[in-house]
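S.K.: Below are the structure tokens for one structure; questions will follow.
The values are calculated or read from the model by the stated rules, or taken from the named source; none is laboratory data. Note that the coordinates shown come from a computational prediction; the quantities given were computed from them, not determined experimentally. Positions of Cβ are generated from backbone atoms using ideal geometry, with glycine treated the same way; all protein chains shown enter the neighbour counts. Just the protein is used for accessible areas: all its heavy atoms, side chains included, with ligands, DNA and RNA removed. Shrake-Rupley method; radii C 1.70, N 1.55, O 1.52, S 1.80 Å.
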Amino acid sequence: MPFSERTQEAMNQQLKLEIQAFYTYLGMSDYFDAAGLPGFSQWMFNQSQEEWTHAMKFRSFIQDRGGRVQLSDISRPASEYSSALEVFEQALQNEQVVSESIANVYALAEEEKDFASQAFLNWFVTEQVEEEKTMSDIIDWVRRMVDSPQGLFLLDERLGQGGLAGASGAGDQAPV
Ligand code: FEO
């Protein structure tokens, strides 16, 4: 089954986005660590590791299809935020960008009748629904806690233990 130059380029672009997400979430984890919120920091660290796994799946897929991996420059992530709410709002925006990009790669694979790429991308389509929901759920929780430092610390504890229902930030497995 042919792996077109266009699809290959789009997959490489997606690889870059996943590595950028890894780096962004790592920066967010470090921000939370410095802010004295170890649970948030751990949760975001777990999220960064998931993104790294996603990136490596794209890398392997490109190689398995006989393509060539092209690594790109990535940007330095932000290290300062005004609040936990701002962090999660930006993380949600990031996930929305990733979802749109996955959809674009999928549409391209469909156009090229590249069924192997479509099958590979199916998992990511479902994963993005879950990731956007997770970020939205946490935003709701953080908004509720905004006037309650005690509530924020309780939330920090929960996230450090693996998270809220439907918002674990860990344990999702990419397809092998
Ligand atoms: Fe791999 Fe959260 O996008």
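S.K.: What are the GluC sites (Glu not before Pro) within the stretch 1-94 that DSSP puts in a loop, where the Cβ has at most 11 other Cβ atoms within 10 Å?
M.R.: The qualifying sites are GLU80.
S.K.: Using the Cα centre as the reference, give the magnitude of the dipole from point charges on the C-beta atoms of the stretch 24-122 (Lys, Arg: +1; Asp, Glu: -1; all else neutral), rounded to the nearest 20 debye.
M.R.: With only Lys, Arg, Asp and Glu charged at Cβ, the dipole is about 380 debye.
S.K.: What FRET efficiency do you get for ARG76 and GLU9 if R0 is 22 Å and r is their Cβ-Cβ distance, rounded to the nearest 0.05?
M.R.: With R0 = 22 Å, the Cβ-Cβ based efficiency is 0.35.
S.K.: A further question follows. Compute a Gaussian network model of the chain, connecting alpha carbons closer than 10 Å, and tell me which residue from ALA21, ALA116, ALA55 fluctuates the most.
M.R.: ALA116
S.K.: Could you tell me the relative contact order of the stretch 5-160? Use alpha-carbon pairs under 8 Å, at least six residues apart, and round to a whole percent.
M.R.: Reported relative contact order: 31 percent.
S.K.: Show me the trypsin sites (Lys or Arg not before Pro) within the stretch 17-111 that DSSP assigns to loop and that have at most 14 other Cβ atoms within 10 Å of their Cβ.
M.R.: Here the trypsin sites (Lys or Arg not before Pro) that fit, given the DSSP loop and packing criteria, are ARG68.
S.K.: Whole number in Å², please: accessible area per residue of the stretch 5-160, 1.4 Å probe, ligands, DNA and RNA not counted.
M.R.: Spelled out: the 1.4 Å probe surface of the stretch 5-160, per residue, equals 51 Å².
S.K.: Take the chain, connect every pair of alpha-carbon atoms lying under 10 Å apart with a spring to form a Gaussian network, then pick out the residue of SER72, SER101, SER41 with the largest mean-square fluctuation.
M.R.: Fluctuation is largest for SER72.
S.K.: What's the FRET efficiency of ASP140 with ALA35 using the Cβ-Cβ distance as r and R₀ = 22 Å, to the nearest 0.05?
M.R.: E between ASP140 and ALA35, to the nearest 0.05, is 0.60.
S.K.: On to the next question. For n ≥ 4 DSSP H runs only, could you compute -39500 (n - 2.57) per run for the chain, divide by its residues and tell me the 222 nm figure to the nearest 500?
M.R.: Taking each H run of at least 4 residues, the total per residue is -26000 deg cm²/dmol.
S.K.: Another question, then. Dipole magnitude of the stretch 1-58 about its Cα centre, charges +1 at Lys/Arg Cβ and -1 at Asp/Glu Cβ only, in debye to the nearest 20?
M.R.: So the magnitude is around 120 debye.
S.K.: Further question on the same structure: State the percentage of accessible surface on the chain attributable to carbon and sulfur atoms; use a 1.4 Å probe and exclude ligands, DNA and RNA.
M.R.: Its accessible area is 51 percent carbon and sulfur atoms.
S.K.: Among the helices of the chain (complete DSSP H runs), which have Cα atoms covering no less than 24 Å along the helix axis and a Kyte-Doolittle mean of at least -1.0?
M.R.: 5-34, 38-64, 84-111, 115-145
S.K.: Mean shadow of the stretch 1-129, computed from the convex hull of its alpha carbons, in nm²?
M.R.: Result: 7.5 nm².
S.K.: Among GLU100, GLU95, what's the order by accessible area (1.4 angstrom probe), most exposed first?
M.R.: Largest accessible area first, the list is GLU100, GLU95.
S.K.: Need the full-extension length gain, GLN93 to LYS133, defined as separation in residues times 0.36 nm minus the C-alpha distance. One decimal, nm.
M.R.: Between GLN93 and LYS133, full extension yields 13.2 nm more.
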